[in-house]
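Q: There's a structure below that I have some questions on.
Nothing in this text is a laboratory measurement; each read-out follows from the coordinates by a stated rule. Values in this document were obtained by computation on a predicted structure and should not be read as measured data. When we count neighbours, we look across all protein chains shown, and the Cβ atoms used for this are built from the backbone with ideal geometry, even at glycine.
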Amino acid sequence: MSGKRTINAMILGGCLMGSAAVAADPACRAVSGAGTLPLVELYTSEGCSSCPPADRWISKSFAPGTDGRAGVLAFHVDYWDRLGWPDRFARAEWSKRQDSIARASASPTVYTPQVLLQGRDFDWRDAGALRSIARASAKAPRAEISVEARRIDRAVFVVAKARIPSPADRGGARLLVAFTDSGHITDVKRGENEGVVLRHEHVVRALATSGAPDRAGMLALDATFALPADAGGHPRVVVFVERDARREILQSMTLDLEGCGTP
């Protein structure tokens with residue numbers, strides 16, 4: 001069934017941050033393009049029987065390492081864990097993020113699976129879903145982003161910067177860096193998905209958030225992410241600028257980490 005619950009007041013949890021090493025390899029640097037890279041967010045759980053179709057849609061539509069039509073973030077929420085199957089990727093922080101988005105939209109509930117496009121509810125089941133994403137990419141970006149990254153031993157070091165040209169877009173803006181990986185397989189033993197083998201792509205393993213922009217509209221964020229013990233394939237950072245509680249997306253970009261330093 002689809003998971004819904006009444007929203008409680010929650011605050012977005014802390015993030016992993018630290019001093020970042022500068023990446024010398026040009027392959028480990030990137031800047032956002034002249035067009036918008038749309039941001040797709042999935043809120044899902046291994047304990048929700050309605051979620052596997054959305055997981056499959058993400059896997060099919062945004063194959064890791066091959067598709068550049070969007071930045072993709074799969075947030076596994078933890079409010080299903082108490083119903084028989086603890087999702088190993090679930091984080092309370094991701095549930096809090098979903099709560100805050102719903103509150104800003106005056107929604108009394110959160111649910112899974114939920115997909116957002118550019119911070120807004122999105123019908124991923126619609127036959128024209130990918131065309132809607134393409135239309136979002138045709139809009140002019142409202143921020144410029146650059147990122148450098150390096151993998152050293154069991155850590156990823158990231159330096160990200162952004163510029164927001166219009167003063168009207170700067171209020172409440174922040175820069176975020178997510179570390180994701182893909183290719184995870186779970187054989188669910190209990191709960192609503194008992195007996196189902198799930199595949200997960202673009203799983204958010206960590207998220208870091210900047211402070212407010214300066215008077216020139218500049219944002220900066222140095223982040224250090226420890227690689228998880230159960231790291232998947234196609235490691236990537238997704239960097240984006242969002243604004244206000246409604247999570248209006250000004251621009252996003254991705255940087256694949258394979259080849260960026262030593263694993």
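Q: Decide, for the stretch 49-185, between rounded, prolate and oblate: order the square roots of the alpha carbon gyration tensor eigenvalues as a ≥ b ≥ c, take rounded if a/c falls under 1.5, and otherwise choose prolate if a/b is larger than b/c, else oblate.
A: Taking the square roots of the gyration eigenvalues as a ≥ b ≥ c, the stretch 49-185 is rounded.
Q: Would you kindly state how much longer the chain becomes between Ala155 and Asp230 on full extension, computed as 0.36 nm times their sequence separation minus their alpha carbon distance, in nm to one decimal?
A: Full extension from Ala155 to Asp230 adds 25.7 nm.
Q: Now for a different question. Suppose R0 equals 30 Å; then what is the FRET efficiency for Met218 and Arg69 from their Cβ-Cβ distance, rounded to the nearest 0.05?
A: 0.60
Q: Continuing with the same structure: Give me D for the stretch 205-263 in µm² s⁻¹, whole number, from Stokes-Einstein with Rh from the Kirkwood sum over alpha-carbon pairs, 20 °C and 1.002 mPa s.
A: Value of D from the Cα-based Kirkwood radius: 156 µm²/s.
Q: Suppose we take every Cα in the stretch 61-110 and form the convex hull; what volume per residue is that in Å³?
A: Dividing the Cα hull volume of the stretch 61-110 by its residue count gives 120 Å³.
Q: Rank the residues Glu194, Glu144, Glu242 as a footprinting-exposure proxy: fewest other Cβ atoms within 10 Å of their Cβ go first. Let's see the in-between values first.
A: On the way: Glu194 13, Glu144 19, Glu242 22.
Going from least to most buried by this count: Glu194, Glu144, Glu242.
Q: Ok, one more. Do you know the Lys pair count in the stretch 14-256 for C-alpha distances under 28 Å, with sequence separation 8 or more or different chains?
A: Counting lysine pairs in the stretch 14-256 gives 6.
Q: Determine by what factor the alpha-carbon radius of gyration of the stretch 14-256 differs from 2.2 N^0.38 Å, reporting the quotient.
A: 0.97
Q: In a GNM of the chain with a 10 Å cut-off on Cα contacts, which of Leu207, Leu175, Leu130 has the highest mean-square fluctuation?
A: Ranking Leu207, Leu175, Leu130 by mean-square fluctuation puts Leu130 first.
Q: Something else about it: Where does each of Met253, Met218 land when they are ranked from fewest to most other beta-carbon atoms within 10 angstrom?
A: The order, fewest Cβ neighbours first, is Met218, Met253.
Q: First select every other residue whose beta carbon is under 14 angstrom from the beta carbon of Ala173; then total the charges, Lys and Arg +1, Asp and Glu -1. Please report the intermediate quantities before stating the final value.
A: Working: positive: Arg142, Lys161, Arg163, Arg170, Arg174, Arg215, Arg243, Arg246, Arg247; negative: Glu144, Asp169, Asp214, Glu242, Asp244, Glu248.
Once positives and negatives cancel, what remains is +3.
Q: Dipole magnitude of the chain about its Cα centre, charges +1 at Lys/Arg Cβ and -1 at Asp/Glu Cβ only, in debye to the nearest 20?
A: Once rounded to the nearest 20, the dipole reads 560 debye.
Q: Can you figure out the FRET efficiency of Asp123 with Val197, using R₀ = 30 Å and their beta-carbon distance, to the nearest 0.05?
A: Given R0 = 30 Å and the Cβ-Cβ separation, E is 0.70.
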